[in-house]
Amino acid sequence: MNIFEVSVHEAERKGPLDGLIVADFSRVLAGPLATMLLGDLGATVIKVERPEGGDDTRAWGPPFVDDETSTYYLSVNRNKRSVRLDLQNTEDIQFARELGRRADVLVENFKPGTMARYGLEYEELIKKNTGLIYCSISGFGQAAGRDLVGYDFLAQAAGGLMSITGLTPEEPTKTGVAVGDVATGLFSAIGILAAIVERSKSGRGQKVETNLLHSVLAMLVNHASGYLVANVVPRIQGNAHSSIAPYETLRARDAEIVIAVGNDHQFEKLCAVLELEDLPALPEFSSNGARVENREALHNELEARLALMPVAHWLSLFASAGVPSGKVNGIDEAFEFAHQLGLAATYTQLENGTNAVRQVANPISLSETPAKYWRPPPRLGEHDDDVRSWLKTDWIRPSSSMSK
């Protein structure tokens, strides 16, 4: 059985990573997101799952589809094949090792040391597969933090993100989505792609390591720089920006409106729309630095005028004047807004030819080799027979720049 056999229709849609074999030993979010992105770009992704229950997120709900498939699982597992392997079973361990021998990329996010118990660590697999790119994802690194449990919530807290997120200093708040996991998945995919490019030149693979804590620290960008360079430790500022004003939510007559003024010219246009033309000439508001120092007074001035009319009124005027602004959308409104702007933010994929699965499209637009959605998120063990049959057959690695 050749798991790489595709229909004529699929062959016409090969992506830039066509021919790349990805062994996905990861679960939950960061690893599965990274491997899904590789699958979107044409890689063959084989998702290894435990026989009982599979990926943890299969049970993370509600919401569920048809009372059995969690929408969480569906979000990061398209373009994959699922095979159940029991790493307590000798035969299945051999299957796992053979998959590691055949893979171009292996991604795992077990607790550090787990893969070594089964002879699946990087140092062992590269003995027979020198071109292997092995990505290990952890919560807090492979050194002193190796025994810490790696959940996004913990990383947001330990990484300082919660200390600057929320409305009041008394209640630090996590973000509404697991951004530490998402960032780690993106960093992992970038590292893997860099290793692929290097392998095309040297013929050798390498180990890629990412972790949630370091990813969260990297996400702090300007705040991290403020601390490292100027020893300034930022605190919670609600929806305001620590270095720009006005760059925050403000109350209009009926709801909050977001105003994101990034320079003096935009501030002048904002004041013109609000008929507050004298404000930019005042010393306390004449520059961005001054406005940051006098944020509360500026906030009060702007809200007093915004309170006279509803959000829709102001948004229309701001749009005409070129003032960066917007409403706080619900997720349903956000997708509708993207649709209105002509963005292909969603797609609908048929599962087993019948059930429609609507998902977020890959946000990367490539003019010649765009992302493709040729496999819906697999059922647990859906490809057991195909993958096991392939792993039993004789196989020689293709001699190409992608698979050295």
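The values are calculated or read from the model by the stated rules, or taken from the named source; none is laboratory data. Just so you know, these numbers come straight off a predicted model, no measurement behind them. Positions of Cβ are backbone-derived with ideal geometry, glycine not excepted, and every protein chain shown enters the neighbour counts.
Can you pull out every residue in segment 161-182 that is in a helix (DSSP H, G or I), small (Gly, Ala, Ser) and closer than 13 Å to residue 151 by Cα?
Once the filter is applied, which keeps residues that are in a helix (DSSP H, G or I), small (Gly, Ala, Ser) and closer than 13 Å to residue 151 by Cα, segment 161-182 yields only 180.
Give just the number: which of (1) of a type outside the set (Val, Ile, Thr); (2) under 20 Å from the mean Cα position of the chain (by Cα); (3) assigned to a loop (DSSP other than H, G, I, E, B) does residue 62 not satisfy?
Tallying (1) of a type outside the set (Val, Ile, Thr); (2) under 20 Å from the mean Cα position of the chain (by Cα); (3) assigned to a loop (DSSP other than H, G, I, E, B), residue 62 fails exactly one: (2).
Could you tell me whether residue 147 is surrounded by fewer than 19 Cβ atoms within 10 Å (Cβ to Cβ) and of a type outside the set (A, V, I, L, M, F, W, C)?
Considered against the rule, which asks whether it is surrounded by fewer than 19 Cβ atoms within 10 Å (Cβ to Cβ) and of a type outside the set (A, V, I, L, M, F, W, C), residue 147 comes out as yes.
Of everything in segment 241-254, what is touching a residue at least 60 places away in the same chain (Cβ under 8 Å) and either at positive phi or in a strand (DSSP E or B) (or both)? Give them in sequence order.
The one that is touching a residue at least 60 places away in the same chain (Cβ under 8 Å) and either at positive phi or in a strand (DSSP E or B) (or both): 249.
Within the bounds of segment 79-97, is there any residue that is of a type in the set (A, V, I, L, M, F, W, C), within 26 Å of the chain's Cα centre (by Cα) and either surrounded by 20 or more Cβ atoms within 10 Å (Cβ to Cβ) or modelled with pLDDT of 95 or more (or both)?
Yes: one or more hits.
How about segment 255-274: which of its residues are assigned to a loop (DSSP other than H, G, I, E, B) and either modelled with pLDDT of 95 or more or β-branched (Val, Ile, Thr) (or both)?
261, 263, 274, listed by residue number.
How many residues does segment 382-403 hold that are assigned to a loop (DSSP other than H, G, I, E, B) and either among the charged types (D, E, K, R) or at pLDDT 95 or above (or both)?
Within segment 382-403, residues that are assigned to a loop (DSSP other than H, G, I, E, B) and either among the charged types (D, E, K, R) or at pLDDT 95 or above (or both) number 4.
Of all residues in segment 219-240, which are surrounded by 14 or more Cβ atoms within 10 Å (Cβ to Cβ), in a helix (DSSP H, G or I) and among the small types (Gly, Ala, Ser)?
224, 226, listed by residue number.
Determine the pairs where a residue that is within 22 Å of residue 189 (Cβ to Cβ), located within segment 134-153, has a partner that is of a type in the set (A, V, I, L, M) and modelled with pLDDT under 95 with Cβ atoms under 6 Å apart, the partner being 6 or more residues away or on another chain.
139/148; 140/148
For segment 275-306, which residues satisfy the criterion of being in a loop (DSSP other than H, G, I, E, B) and either under 15 Å from residue 242 (Cβ atoms) or small (Gly, Ala, Ser) (or both)?
Across segment 275-306, the qualifying residues are 286, 287, 294.
For segment 81-118, which residues satisfy the criterion of being touching a residue at least 60 places away in the same chain (Cβ under 8 Å), part of a loop (DSSP other than H, G, I, E, B) and either in contact with a strand residue (DSSP E or B) (Cβ under 6 Å, 6 or more places away or on another chain) or not assigned by TED's automatic domain parsing to the domain that holds residue 378 (or both)?
Of everything in segment 81-118, those that are touching a residue at least 60 places away in the same chain (Cβ under 8 Å), part of a loop (DSSP other than H, G, I, E, B) and either in contact with a strand residue (DSSP E or B) (Cβ under 6 Å, 6 or more places away or on another chain) or not assigned by TED's automatic domain parsing to the domain that holds residue 378 (or both) turn out to be 103, 104, 109.
Give the residue, chosen from 133, 126, that is β-branched (Val, Ile, Thr), touching a Leu at 6+ places or on another chain (Cβ under 7 Å) and under 25 Å from residue 198 (Cβ atoms).
126
If you scan segment 313-349, which residues turn out to be touching a strand residue (DSSP E or B) at 6+ places or on another chain (Cβ under 7 Å), within 27 Å of residue 274 (Cα to Cα) and not aliphatic (A, V, I, L, M)?
Those that are touching a strand residue (DSSP E or B) at 6+ places or on another chain (Cβ under 7 Å), within 27 Å of residue 274 (Cα to Cα) and not aliphatic (A, V, I, L, M): 314, 318, 324, 325, 326, 327.
Going by the structure shown, is residue 209 acidic (Asp, Glu) and not in a helix (DSSP H, G or I)?
Spelling it out, residue 209 is indeed acidic (Asp, Glu) and not in a helix (DSSP H, G or I).
What are the residues in segment 119-143 that are of a type in the set (Ser, Thr, Tyr) and either in a strand (DSSP E or B) or surrounded by fewer than 18 Cβ atoms within 10 Å (Cβ to Cβ) (or both), if any?
Answer for segment 119-143, where residues must be of a type in the set (Ser, Thr, Tyr) and either in a strand (DSSP E or B) or surrounded by fewer than 18 Cβ atoms within 10 Å (Cβ to Cβ) (or both): 130, 134, 136, 138.
If residue 260 satisfies every condition in (1) out of contact with any Lys or Arg (no Cβ under 9 Å at 6 or more places or on another chain); (2) free of Cβ contacts under 8 Å to residues at least 60 places away in the same chain but one, which is the exception?
(2)
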